[in-house]
Amino acid sequence: MSDAMNASRTDAELAAHLADVAGKLLLQVRASGALSAKALGNAGDATANQFLCHAIREQRPDDGLLSEEERDNAARLSKSRVWIIDPVDGTREYGEQRSDWAVHVGLSIDGVPTTGAVALPDLDLVLRTDSLIEITTAPPRLRMVVSRTRPAKEAVFVAEELGAELIPMGSAGAKAMAIVRGEADIYLHTGGQYEWDSCAPAAVAAAHGLHVSRVDGSPLLYNQQDVYMPDLLICRKDHAQTVLDILRQG
């Protein structure tokens, strides 16, 4: 890609392009057949991270950068614009050759997840903040995505109160995009994450008109000194208050 082409890309176009290219690189690494399981996950993380970090630093040199796979640089805290990336969200799923993993490229502006893209490479999809898809109507019985290995007790409690179906799924990005894509209705997580786990998914979900918050209803804030994020809720806006009320009562 030429410098002129990159210079003309909006932030959203750049995020989507980089997420897409990183996803294709990851598929190539996996298809090589030279690595398996944990080694494949490690190689994928390193490959995608190198590409994304070099590309962002070249294309947006004045912005901050936070990546799961890089040593944190406190200089980002003085920046208004900070790119927050997860080169492979769901490394375990990627290494196991499952499809429920993602690539996150998000941009936080003054702490708000403003712009971003989430690539689902095995599905050949990139969900983005500047190209919206229609959110389908919820079915009579709601569906909640939860961890396939350790569903949070709060999510199980809410599901029981709502009579909702639990859908086990891998990465945070895959779960959040399941709401955007109409495959599920509520993503409630209380097991602890980090900023890179949710910045791009939160930006994409919010752009699609979904409710995005902490489980107490407060906003998600990014580019913090402590990048740990205890919980989040992503769902249709007409379900949000019901879920928040159940959590308060529980």
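Read-outs: derived from the displayed coordinates by stated rules, not from any lab. From a predicted model like this one, the values you see are computed outputs, not experimental measurements. When we count neighbours, we look across all protein chains shown, and the Cβ atoms used for this are built from the backbone with ideal geometry, even at glycine.
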Item to check | Quarter of Cα convex hull surface for the chain, i.e. mean projection, nm² | outcome: 12.8
Item to check | Amide H within-cut-off set for Asp89, under 5 Å, with H built and near neighbours excluded | outcome: Ala102, Val103, His104
Checklist outcome for this item: Note: probe point = Cα of Arg57 + 7 Å toward Cβ; backbone nitrogen < 17 Å; residues of region 83-102 passing the test are 83-87
Item to check | lysines whose Cα lies under 21 Å from that of Lys24, excluding same-chain neighbours fewer than 8 positions away | outcome: Lys38, Lys175
Item to check | Candidate aspartates and glutamates - alpha carbon under 17 Å from Lys79, same-chain residues fewer than 8 apart omitted | outcome: Asp11, Glu58, Asp62, Asp63, Asp110, Glu195, Asp226
Checklist entry - If each of Gln224 and Gln249 carries a label point 7 Å out from its Cα toward its Cβ, how far apart are those two points in nm? => result 2.8
Item to check | Span-like helix ranges in the chain, DSSP H, alpha carbon extent 24 angstrom or more, Kyte mean at least -1.0 | outcome: 11-31, 37-59
Checklist outcome for this item: Yeah, region 64-141 with a ≥ b ≥ c from its alpha-carbon gyration tensor (a/c under 1.5 is rounded, else prolate when a/b outruns b/c, oblate otherwise) is oblate
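For a protection proxy built on the mean count of beta-carbon atoms within 10 angstrom, sort 57-64, 101-108, 195-202 highest first, please.
Result, highest mean Cβ count within 10 Å first: 101-108, 195-202, 57-64.
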Item to check | Separation in nanometres of the label points that stand 7 Å from Cα toward Cβ, at Asp216 and Ser147 | outcome: 2.2
Checklist entry - Which net charge results for the neighbourhood of Ser171, defined as the other residues with beta-carbon distances under 11 angstrom from its beta-carbon, given Lys and Arg at +1 and Asp and Glu at -1? => result -1
Checklist outcome for this item: Packing-ranked peptide list from 231-242, 86-97, 171-182, highest mean Cβ count within 10 angstrom first, is 171-182, 86-97, 231-242
Next on the checklist: Quick check on region 3-120: take the gyration tensor over C-alpha atoms, sort the square-rooted eigenvalues as a ≥ b ≥ c, and tell me if it's rounded (a/c under 1.5), prolate or oblate.
Outcome noted: prolate
Checklist outcome for this item: So, with points 7 Å from each Cα along the Cβ direction, the Ser80-Ala31 label distance in nm works out to 4.2
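With both partners inside the chain, how many of the DSSP beta bridges are antiparallel, as a percent to the nearest 5?
Beta bridges within the chain, antiparallel portion: roughly 70 percent.
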